[in-house]
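The values are calculated or read from the model by the stated rules, or taken from the named source; none is laboratory data. Here the structure is a predicted model, which is why all the values come from computation and not from measurement. Cβ placement follows ideal geometry from the backbone for every residue including glycine, while neighbour counts extend to all protein chains displayed.
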Amino acid sequence: MVQAKEIRNVELVLSEAEQLREQRDRFLAFAFAASDLLLEVGDDSLIRYAVGATNQLLGGSPQEVVGQGWLDLFVEEDRPLLVSKIGNLTPGKRCGPVLVSVRPAKRELGDGKRRLPPTIKVVFSACRIPDHEDVIYCTITVANIPQAKSARATAQRSDNGLLNRAAFEEAATETLEAARAAGQDVEITFIEFVGAAGFRERLGGERWKAFYADAGNVLREGAVDADSAGAIADNRFGFVHQAGAAIGSEVRRQLAELARAFDPTGSGLNVEQATVAASAEELTSEEAAQALVYTINKVAAQGTANLAADNLAASFHEQVMETQDRIAAFKAVVAGNRFDFAFQPIVDLENREISHFEALTRFAHGESPYQTIVFAEDVGLIQEFDMACCRRAIAFMAERAESSPINLAVNLSGLSLQNDIFVEALMELLRPHANLAGRLMFEATESSRMHDLERVSRVFIAMKKQGFSMCLDDFGAGAASFQYLRALEVDYVKIDGTYTRRLLSSDRDSLMLRNLCDLCADLNIKTIAEMVELDDQVGKLRSLGVHLGQGYLLGQPAPQPVFSGPPARARQASGD
């Protein structure tokens with residue numbers, strides 16, 4: 001009897017084990033039905049288990065993947081986002097979908113060299129399970145258009161559920177490409193609430209929020225899907241919808257009725273609409289995408305009333321003509337040296353003495369320097385302009401060499417620093433001016449990301465050998481900032497001004513700055529804080545270890561370098 005009972009107990013245990021195995025296999029099958037790769041990650045950030053398409057996605061077998069750091073699978077600019085997602089993950093919770101990129105391991109090509117293969121866009125999700133808090137379960141799936149749009153939309157919606165402008169541009173472009181591939185016609189309709197300030201004042205804060213949310217629902221319902229509608233500017237919106245059904249006019253009518261229903265006076269809101277046909281077979285996919293983004297940007301800047309084109313082909317031709325005119329005008333500015341410098345001091349925060357000046361570019365007619373520089377980068381003219389700025393700066397310093405010498409920083413685009421012809425020309429330009437070593441500095445801007453860091457690193461090293469200091473501008477504004485710091489030997493790091501502005505109200509930003517300053521101190525790099533406007537900010541920055549500051553408190557940009565100190569009575573955080 002005892003033996004029979006033991007046998008039954010063994011059978012029961014085996015039965016339970018089989019059930020558990022069956023349940024495990026079933027869940028594994030469910031996971032594989034939705035994903036290409038499954039990972040288990042321990043609290044030590046190492047991969048404990050991997051199964052799935054590891055060779056295709058990661059360039060190695062599951063056995064080779066196990067033991068690697070999970071973050072190493074992803075491109076560096078996506079890692080901060082993933083860390084923040086995982087850091088907030090508690091047992092029983094999940095995160096994602098998140099759109100990120102993986103890069104398979106280096107592969108040896110026919111020439112014997114090992115090169116990085118292209119990145120692969122994937123959708124990442126993860127969860128923690130109760131009673132297994134030391135493990136994070138992750139799924140990775142190669143992103144198709146619907147998945148990519150859904151993942152991006154999760155984190156890029158505005159207050160009324162619509163995509164923000166950048167996300168809408170991407171989503172609209174993807175929707176257009178999918179429609180072209182399927183032979184379907186779509187349109188994009190732009191909506192503008194004209195004179196919304198008075199309407200919002202009549203409604204009050206809470207009622208306006210309710211109206212804004214309902215308006216977002218109307219726009220999303222009119223779109224081909226919920227991720228094809230976006231807020232592109234204040235009270236200006238866009239959505240992609242099926243063609244030929246007067247959907248744009250119907251959405252406009254619904255929004256006007258909604259506004260009248262919310263308005264206590266019954267007056268409502270002036271709702272304007274402009275619809276653009278997105279089917280343009282005479283355009284390539286790339287041209288259609290350019291025309292779409294151009295049209296969105298034009299409505300965002302000027303509104304629906306100034307949109308003359310009613311199809312993407314017309315928008316593209318308008319963009320081409322406008323670009324040609326701008327290129328000709330910019331070339332004339334560079335050739336005629338028709339730009340100026342405004343000199344802003346960079347000041348030692350300890351003793352308020354001027355370290356050096358930055359040469360800020362100024363154009364005629366109040367043109368935005370940033371927008372003009374970005375345009376020059378986009379059309380391939382930035383090298384000519386950067387060279388013109390370098391010549392102007394060197395000539396200016398040479399003129400003052402005897403009377404009143406100054407130390408000067410000049411901005412260089414990342415694109416210029418990756419152009420061999422530009423670098424050779426710059427070295428040739430600097431060769432007769434060895435006396436400027438120690439006084440002339442170059443700031444590498446992040447307005448265009450530097451992709452070939454090995455090439456840029458060689459340029460930095462060569463410049464430093466000649467005695468010219470190198471600085472990373474706008475540090476922290478882009479996800480790749482720490483990647484730059486690791487790869488490039490620099491003398492200065494200029495911290496993006498958003499950190500300074502939030503410094504007095506955000507402990508998180510203070511902690512990040514302190515850690516950055518500690519790292520820079522270990523690397524013998526001096527730090528510069530932008531947008532210093534309050535005395536209280538100066539005290540805080542000094543306590544965190546920031547060496548230098550730049551901002552209106554310390555000195556405004558001027559046509560000539562001004563060596564006087566800051567105003568006698570500086571503003572305090574209270575604003576008095």
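Overview of values
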{"quantity": "Which listed residue is within 30 Å of V546 (Cβ to Cβ) and charged (D, E, K, R), from D340, D378", "calculated": "D340"}
{"quantity": "Criterion: modelled with pLDDT of 85 or more and part of a loop (DSSP other than H, G, I, E, B) - qualifying residue of G67, G60", "calculated": "G67"}
{"quantity": "Test: residue in segment 209-221 that is in the same structural domain as D185 (by TED's automatic domain parsing), hydroxyl-bearing (S, T, Y) and surrounded by fewer than 19 Cβ atoms within 10 Å (Cβ to Cβ)", "calculated": "no"}
{"quantity": "Top-ranked residue in segment 341-380 [being touching a strand residue (DSSP E or B) at 6+ places or on another chain (Cβ under 9 Å) and among the aromatic types (F, W, Y); ranked as surrounded by the most Cβ atoms within 10 Å (Cβ to Cβ)]", "calculated": "F357"}
{"quantity": "Hits in segment 87-140 - residues which are among the hydroxyl-bearing types (S, T, Y) and either at pLDDT 80 or above or not assigned by TED's automatic domain parsing to the domain that holds G42 (or both)", "calculated": "T90, S101, S125, Y137, T139"}
{"quantity": "Selected residue (only one of Q383, Q319 is at pLDDT 90 or above and either touching a Phe, Trp or Tyr at 6+ places or on another chain (Cβ under 7 Å) or surrounded by 18 or more Cβ atoms within 10 Å (Cβ to Cβ) (or both))", "calculated": "Q383"}
{"quantity": "Positions within segment 173-185 being under 27 Å from A305 (Cβ atoms) and either modelled with pLDDT of 90 or more or surrounded by fewer than 18 Cβ atoms within 10 Å (Cβ to Cβ) (or both), in sequence order", "calculated": "D185"}
{"quantity": "Only listed residue being surrounded by 15 or more Cβ atoms within 10 Å (Cβ to Cβ) and not aliphatic (A, V, I, L, M), chosen from G539, G555", "calculated": "G555"}
{"quantity": "When residues of segment 38-71 are limited to those that are hydroxyl-bearing (S, T, Y) and under 17 Å from R103 (Cα atoms), the one surrounded by the fewest Cβ atoms within 10 Å (Cβ to Cβ)", "calculated": "S61"}
{"quantity": "Condition check for V562: part of a loop (DSSP other than H, G, I, E, B) and under 25 Å from the mean Cα position of the chain (by Cα)", "calculated": "no"}
{"quantity": "Any hit, segment 435-446, residues being in the same structural domain as P345 (by TED's automatic domain parsing), of a type in the set (G, A, S) and more than 14 Å from K464 (Cβ to Cβ)", "calculated": "no"}
{"quantity": "Where D536 falls short, out of the listed (1) on the phi > 0 side of the Ramachandran plot; (2) in a helix (DSSP H, G or I)", "calculated": "(1)"}
{"quantity": "Unique match (being in the same structural domain as Q344 (by TED's automatic domain parsing), part of a helix (DSSP H, G or I) and within 23 Å of V75 (Cβ to Cβ)) among R458, R542, R508", "calculated": "R458"}
{"quantity": "Contacts under 6 angstrom Cβ, first residue in segment 41-66 being closer than 20 Å to L82 by Cβ, partner among the charged types (D, E, K, R), 6 or more apart", "calculated": "G42/R48; D43/D134; R48/E40; Y49/E40; G52/D36; A53/D36"}
{"quantity": "Long-range neighbours under 8 Å by Cβ, at least six apart or interchain, first residue small (G, A, S) within segment 485-505, second outside any helix (DSSP H, G or I) and at pLDDT 90 or above", "calculated": "G497/A529; G497/E530; G497/M531; G497/G551"}
{"quantity": "Residue match in segment 283-290 (condition: surrounded by 13 or more Cβ atoms within 10 Å (Cβ to Cβ), over 24 Å from R165 (Cβ atoms) and under 30 Å from the mean Cα position of the chain (by Cα))", "calculated": "no"}
{"quantity": "When residues of segment 481-490 are limited to those that are buried (at least 18 other Cβ atoms within 10 Å of the Cβ) and closer than 15 Å to S457 by Cβ, the one nearest to the chain's Cα centre (by Cα)", "calculated": "Y484"}
